[in-house]
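Data block below; observations after.
The values are calculated or read from the model by the stated rules, or taken from the named source; none is laboratory data. Not measured: the values here are computed from a predicted model. With ideal geometry, Cβ positions are generated from the backbone for all residues, glycine too; neighbour counts draw on all protein chains shown. Heavy atoms of the whole protein, side chains included, go into the accessibility calculation; ligands, DNA and RNA do not. Shrake-Rupley method; radii C 1.70, N 1.55, O 1.52, S 1.80 Å.
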Amino acid sequence: ATMGETVLYATACCGNSPQGDGSFVPLSVHYQERYSAAGRTSGSYLKREGRPRDADVLVARLVDRPLRPLLEKGWCNETQVLEWVLSYDGVNQPEPLAITAAAAALLISDIPLAKAVAGVRVGYLPSAGFVINPSAAQMVQSRLDLLMAGTAEAVLMIEGFCDWLTEEEMLEAVAAGQAAISAMCGQLTAWAAQVGKPKRTERVLPPQGLKEALTELATAGLEQVYRAGGRKEESTAAVAAVREEAFAALRGEQYAGRWPNLDDLTLTLAWKSVESGVMRQLVLREGVRADGRRVTDIRPITSRAGVLPRTHGSALFTRGETQVRDAVVGVVSCC
């Protein structure tokens, strides 16, 4: 992939057989900005490239984030995306290019990526307004650094910061970025239709009809638990009771002929999908979350300072049943 004189190499490959139970996509993304891309070499005795820097790891995560959910359900072949920055011109920044290049490599491969994905950076210059993929020099003056990824229809990821832009300006920035992403995805889709490989078909999925049967058995009980709310231990125990009752029914005489060899792993895989689906529908339909809160409610928040006697400073932050303890230490020096 090339933008100006910034050149990025991207490949995608996968294993020949599924791994695991289908509950996790074994995707790994490796991204590295090579010294040679800027015409430099390592100053140490070893001239070869070392391990990726922290900044490289963060870019790899930016690439992983929008791609992982678009790999088709049940895909659990080990999958690797490898990216190297081979040339950097000091003008065109490689991060949004890395997202687009990785998606393009997956899209034309036999790996089942559901649809095209692209990435852009949006900046804001007082003299020019919103700028798509601004140069490094423009970013120095920009009041916005917004990195986006998405498909032709929707935004998948937003990360960045701004210098006191209004909510309306931020929405306008997202709209500008999404318009650019949509155009890029259209071109990627057309390109993949010409040169792409047929997609692989192996999947690890629950037996056909199992999810529907489990949904019918468990929906009423789960909705009752979610509406009731209460402490985490109580709701967890109640959900577990609903789950065990549904599992027992599926192993009973009524369903024995349909799925005679159901194991715990298959049932658990189907249960995760059913539980998240019921939770989502309850939020959309009634505005009730899994702990009984409305969508406009927040957990009680408290904080205490000075909880530890011998540190320079300490605090305990509590939100609902989540707690974080922090401490500040210093170094005493003498002459």
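Restricting to the range 9-19, and then to whatever is open to solvent by 70 Å² or more (accessible area, probe 1.4 Å) and under 24 Å from the mean Cα position of the chain (by Cα), can you tell me which residue is modelled with the highest pLDDT? Here the residue is TYR9. Just a yes or no: is a residue in the range 166-176 open to solvent by 50 Å² or more (accessible area, probe 1.4 Å), assigned to a strand (DSSP E or B), within 21 Å of VAL63 (Cα to Cα) and not β-branched (Val, Ile, Thr)? No, the conditions are met nowhere in the range 166-176.
Within the range 122-134, track down each residue that is part of a loop (DSSP other than H, G, I, E, B) and closer than 24 Å to ASP64 by Cα.
Once the filter is applied, which keeps residues that are part of a loop (DSSP other than H, G, I, E, B) and closer than 24 Å to ASP64 by Cα, the range 122-134 yields ASN133, PRO134.
What residue, among those in the range 317-333 that are more than 14 Å from GLY306 (Cβ to Cβ) and open to solvent by less than 70 Å² (accessible area, probe 1.4 Å), is modelled with the highest pLDDT? If we take residues in the range 317-333 being more than 14 Å from GLY306 (Cβ to Cβ) and open to solvent by less than 70 Å² (accessible area, probe 1.4 Å), then THR318 is modelled with the highest pLDDT. For the range 65-98, what are the residues that are polar (S, T, N, Q) and open to solvent by 20 Å² or more (accessible area, probe 1.4 Å)? Correct list: GLN80, SER87, ASN92, GLN93. Taking the listed residues GLU72, GLU78, the one that is out of contact with any Leu (no Cβ under 7 Å at 6 or more places or on another chain), acidic (Asp, Glu), in contact (Cβ under 8 Å) with a residue 60 or more places away in the chain and under 19 Å from LEU188 (Cβ atoms) is GLU72, with no other qualifying. Could you run through the range 113-126 and say how many residues are within 18 Å of the chain's Cα centre (by Cα), farther than 18 Å from ALA190 by Cβ and either surrounded by fewer than 20 Cβ atoms within 10 Å (Cβ to Cβ) or among the small types (Gly, Ala, Ser) (or both)? The qualifying residues number 1. Among the residues of the range 206-223, those that are surrounded by fewer than 16 Cβ atoms within 10 Å (Cβ to Cβ) and part of a loop (DSSP other than H, G, I, E, B) comprise PRO207, GLN208, GLY209. Here LEU144 fulfils each of the conditions (1) among the hydrophobic types (A, V, I, L, M, F, W, C); (2) closer than 18 Å to LEU97 by Cα; (3) surrounded by 15 or more Cβ atoms within 10 Å (Cβ to Cβ) apart from (2). Would you say TYR31 is aromatic (Phe, Trp, Tyr) and at pLDDT below 85? The answer is no for TYR31. Would you confirm whether any residue within the range 144-158 is in a strand (DSSP E or B) and among the charged types (D, E, K, R)? Looking through the range 144-158, at least one residue is in a strand (DSSP E or B) and among the charged types (D, E, K, R). Of all residues in the range 187-194, at least one satisfies being surrounded by 18 or more Cβ atoms within 10 Å (Cβ to Cβ), assigned to a helix (DSSP H, G or I) and modelled with pLDDT of 90 or more.
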